[in-house]
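Trainee: Okay, handing you the structure first.
The values are calculated or read from the model by the stated rules, or taken from the named source; none is laboratory data. None of these values were measured; they are calculated from a predicted model. For neighbour counting, all protein chains shown are included, and Cβ atoms are generated from backbone atoms with ideal geometry for every residue, glycine included. To get the accessible areas, we keep the full protein, side chains included, count just its heavy atoms, and leave off ligands, DNA and RNA. Shrake-Rupley method; radii C 1.70, N 1.55, O 1.52, S 1.80 Å.
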Amino acid sequence: MLDSLTRRLGGVFARLRRKGRLSEDDVAEMLREVRVALLEADVNFQVAKEFMAKVKEKAVGEELYGSLNADQTLIRIVRDELTELLGGEETRFQWSPAPPTVVLMCGLQGSGKTTTCAKLALWLQRQGKRPMLAACDLQRPAAVHQLEVLGEQVGVPVFAEPSSDPPSVARHALERCRHLMLDVLVVDTAGRLTIDEPLMAELGAVSSATKPSEVLLVLDSTTGQEAVNVANAFHERLALTGAIFTKLDGDTRGGAVLSVRQATGVPVRFIGIGEQVEALDIFYPDRMAERILGFGDILGIIEKAEQVIEKDQAEALQGKLRSGGFDFDDMLSQIGMMRKMGPLKNVMKMIPGLAQAIPEEAMGAIDDRKVDRLEAIMLSMTRKERANPDILNGSRRKRIAAGSGTSVEEVNNLVKQLYEMRKTMKQVGKMQRRMKKFGKRR
Ligand SMILES: Nc1nc2c(ncn2[C@@H]2O[C@H](COP(=O)(O)OP(=O)(O)OP(=O)(O)O)[C@@H](O)[C@H]2O)c(=O)[nH]1
Ligand SMILES: [Mg+2]
């Protein structure tokens, strides 16, 4: 997700860091490169322009030319502006004062509405709420069945009835929800290929019938700038409370995610990062900004980790990640934990510096089978070797390769990777500490 942007910006900042004191020309050049990086990531032209103007204005205000640590100041300015662009603070879920809270989901055909309904229901359940799903996509019979299957998968009841009138199904679902004293009703609706009047009228009628507290537009992030136009059109008619970008796990330049808030005023609330029902994340503007700038998402990892491991274990992981002093035992237990957290590729991307340290092709090649081999290598080490990788000389590496059914080259690569990870994490840790001094958001 947004990897190429992260890579580009990472390159710009790395060059900047090497320079020491910055001249006005250095800053101007760097700003140009940031702008190009944004445009290449498919960020809306006007949004990129305004963004750069703000960064420039701040850069001038901070009198950073010729000063020491100018690079840090500049990165901080970009981070803060990026966070602002993405919406500042994350938006909290609006609960209705008189439950059940109704969440109306809308969007174009195939954007991921039905899948996201199930994901959201699961998320709500994990928040301790009792949700129900309403099948109000009556365009095609299969839609109701799809929601029923997904509902069963996440263990959430689905309200459906034979009808061709979405508002009346929605009304009945709401009555049932009240009767069962459930907390939230998530309403799945029909999509169309393009925005048209019948669709908007139908959604308007469902909305009038249920008075939703949340009207969430589901947007396919692979449609690029078109997503911004779609958001504008829906917002005009439905007063959206937020947007959910799906398919951010794929090859998407992601610029629409960066533009939509600024261009439409609709905040991004969640992101979909996979087909599985667990693959939904809250959208945190500050974390996303830091992730784009290559600082990783330590908080995100910890939160995910906390879902699957005990708190003290999570704190230990946090310390290890920050200090960069971890060994192969830690790597092994991390792999075990990460497996529980979801597809490894997603988790790896959250680790500071890792996404940039590993070439794009290699990142694409990370699959869980390859990780099995890494695991085998580590398990073939003695306890002493795992805790103290410095003692891994040539003959030990040969023995480990033979024992794990891998090659010496693979063993060498893994050892190298450990040291690289230690190094980048230490650097990122240092940078974050410095950032903290400048004033932190969280
Ligand atoms: N990779 C990926 N696929 C997704 C994501 N969200 C949804 N999908 C896939 O996108 C396709 C369409 O999803 P649906 O939930 O059926 O979309 P919809 O908006 O309900 O479609 P209609 O009801 O036909 O309008 C499915 O194959 C989903 O598995 C995501 O975050 N990542
Ligand atoms: Mg659907």
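Trainee: What is the sum of charges around residue 125, taking Lys and Arg as +1, Asp and Glu as -1, for the other residues whose C-beta is under 13 Å from the C-beta of residue 125? If you can, show how the numbers build up before the last one.
Mentor: Working: positive: 119, 126, 129, 130; negative: 183, 278.
With Lys, Arg at +1 and Asp, Glu at -1, the neighbours total +2.
Trainee: Accessible area per residue of the range 71-135 at 1.4 Å probe, in Å²?
Mentor: Working: 2140 Å² over 65 residues.
For the range 71-135, the per-residue accessible area is 33 Å².
Trainee: How high is the relative contact order of the range 3-85, in percent, with contacts defined as C-alpha pairs under 8 Å that are six or more residues apart? Could the numbers behind the result be given before it?
Mentor: On the way: 59 pairs, mean separation 31.7, N = 83.
About 38 percent, as a whole number.
Trainee: Mind scanning 49/247; 384/416; 56/119; 54/423 and naming the pairs with a C-alpha gap bigger than 29 Å? If you can, show how the numbers build up before the last one.
Mentor: Numbers: 49/247 27 Å; 384/416 18 Å; 56/119 40 Å; 54/423 33 Å.
Going by Cα-Cα distance, 56/119; 54/423 fall outside the 29 Å limit.
Trainee: Quick check for you: with a 1.4 Å probe and neighbouring chains kept, what is the accessible area per residue of the range 165-242, in Å²? Each step should come with its number before you reach the end.
Mentor: Values: 3200 Å² over 78 residues.
Per residue, the range 165-242 has an accessible area of 41 Å².
Trainee: Among DSSP beta bridges whose residues both lie in the range 101-292, state the antiparallel percentage, nearest 5. Please report the intermediate quantities before stating the final value.
Mentor: Details: 3 of 27 bridges.
Restricted to the range 101-292, the bridges split so that about 10 percent are antiparallel.
Trainee: What does the accessible area of residue 193 come to, in Å² to the nearest 10, when a probe of 1.4 Å is used?
Mentor: 140 Å²
Trainee: While we're here: About the Cα centre of the range 101-292, how large is the charge dipole given +1 on each Lys and Arg Cβ and -1 on each Asp and Glu Cβ? Please answer in debye to the nearest 20. Kindly include the intermediate steps, with their values, before the conclusion.
Mentor: Values: 18 positive and 22 negative charges, 88 e Å.
Dipole size: approximately 420 debye.
Trainee: Below 8 Å, C-alpha to C-alpha, sequence gap of six or more: please give me the relative contact order for the range 13-146 in percent.
Mentor: Values: 70 pairs, mean separation 25.6, N = 134.
RCO, the range 13-146: 19 percent.
Trainee: Work out the charge dipole of the range 176-247 with +1 on the Cβ of Lys and Arg and -1 on the Cβ of Asp and Glu about the Cα centre, then indicate which of 217, 186, 238 is farthest towards its positive end.
Mentor: Among 217, 186, 238, the one farthest towards the positive end of the dipole of the range 176-247 is 186.
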